Amino acid sequence: MGYVKNRIWNIEYGIWKKGLRILGSFFSKFQIQNSKFYQKGLATLPTVILLGIVSLVIAVGITTLSFTELFISQGNSQSSKALFYAEAGARDALIKIARNKTYLCATTDCYTIDFSTSGCSTGNDCAKVQVTGNDTSKTVTSKGIMKASTRILQATVTLDTDGAITGTTWSEVTN
């Protein structure tokens, strides 16, 4: 009985071992034969380094895009505020003309309007205004300044013989 049992076991083991060899030869077709990288696992190090570099490049690209968009939006905001300051300066000059028909302020940047503490002295948040002309027509030039952004508006005012304002024309002066 022991002999038969051993013989059956040997036959089963042989079939099992032969099956492994068949499977082994099947899978060996998909493997790099006799490769140092495959045998030692060295291919993982360059792969990890490459993936790390690719991830770093993507992260730097996204960060650069984010900062670029941030600077663009800040520039737009500053430009809008500078236009608002220039318009406020021009309206202030129009009020002065409406109160005093002979009002002139012919020197460049004749008077300033600060929109924050120490606005024009630091070059932030201010309008610089100039009024030129004669009895029938006056030109108001107002420069709005907000940090690096400067916008210039010009308003031309026509006056009748009594000194009343009969019309205004607004335009932005571009460089």
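The values are calculated or read from the model by the stated rules, or taken from the named source; none is laboratory data. Only a predicted model underlies this, so the values are computations on that prediction, with no experimental measurement involved. Ideal geometry is used to build each Cβ from the backbone, glycine not excepted, and the neighbour counts take in all protein chains shown.
Out of SER116, SER149, SER137, SER121, report the one residue that is crowded, with 17+ Cβ neighbours inside 10 Å and polar (S, T, N, Q). Explain how you work it out, then say what you get.
Details: SER116 fails: crowded, with 17+ Cβ neighbours inside 10 Å; SER137 fails: crowded, with 17+ Cβ neighbours inside 10 Å; SER121 fails: crowded, with 17+ Cβ neighbours inside 10 Å.
Result of the check over SER116, SER149, SER137, SER121: SER149.
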Within the bounds of the range 119-139, is there any residue that is out of contact with any Pro (no Cβ under 6 Å at 6 or more places or on another chain), more than 28 Å from SER80 (Cβ to Cβ) and among the aliphatic types (A, V, I, L, M)? no
Can you tell me which residue is modelled with the highest pLDDT among those in the range 77-119 that are hydroxyl-bearing (Ser, Thr, Tyr) and assigned to a helix (DSSP H, G or I)? TYR85
Of (1) of a type outside the set (Ser, Thr, Tyr); (2) assigned to a strand (DSSP E or B); (3) touching a residue at least 24 places away in the same chain (Cβ under 8 Å), GLY167 satisfies every one except (3)
So is ALA59 aliphatic (A, V, I, L, M), surrounded by 12 or more Cβ atoms within 10 Å (Cβ to Cβ) and either over 19 Å from the mean Cα position of the chain (by Cα) or at pLDDT 90 or above (or both) or not? no
From the list LYS143, LYS96, LYS81, LYS101, exactly one residue is of a type outside the set (A, V, I, L, M, F, W, C), touching a residue at least 40 places away in the same chain (Cβ under 8 Å) and surrounded by fewer than 18 Cβ atoms within 10 Å (Cβ to Cβ). Which is it? LYS101
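Within the bounds of the range 112-120, is there any residue that is more than 31 Å from the chain's Cα centre (by Cα) and touching a residue at least 40 places away in the same chain (Cβ under 8 Å)?
First, the residues of the range 112-120 that are more than 31 Å from the chain's Cα centre (by Cα): 112.
After this cut, where a residue has to be touching a residue at least 40 places away in the same chain (Cβ under 8 Å) as well, the list is none.
Scanning the range 112-120, I find no residue that is more than 31 Å from the chain's Cα centre (by Cα) and touching a residue at least 40 places away in the same chain (Cβ under 8 Å), so the answer is no.
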Any idea which of (1) at pLDDT below 85; (2) over 31 Å from the mean Cα position of the chain (by Cα); (3) assigned to a helix (DSSP H, G or I) is the one GLN74 doesn't satisfy? (2)
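Against the definition (modelled with pLDDT under 90, of a type in the set (Ser, Thr, Tyr) and either assigned to a helix (DSSP H, G or I) or touching a strand residue (DSSP E or B) at 6+ places or on another chain (Cβ under 7 Å) (or both)), how does SER25 come out, yes or no? Spell out how you get there, then give the answer.
On the way: modelled with pLDDT under 90: yes; of a type in the set (Ser, Thr, Tyr): yes; either assigned to a helix (DSSP H, G or I) or touching a strand residue (DSSP E or B) at 6+ places or on another chain (Cβ under 7 Å) (or both): yes.
The answer is yes for SER25.
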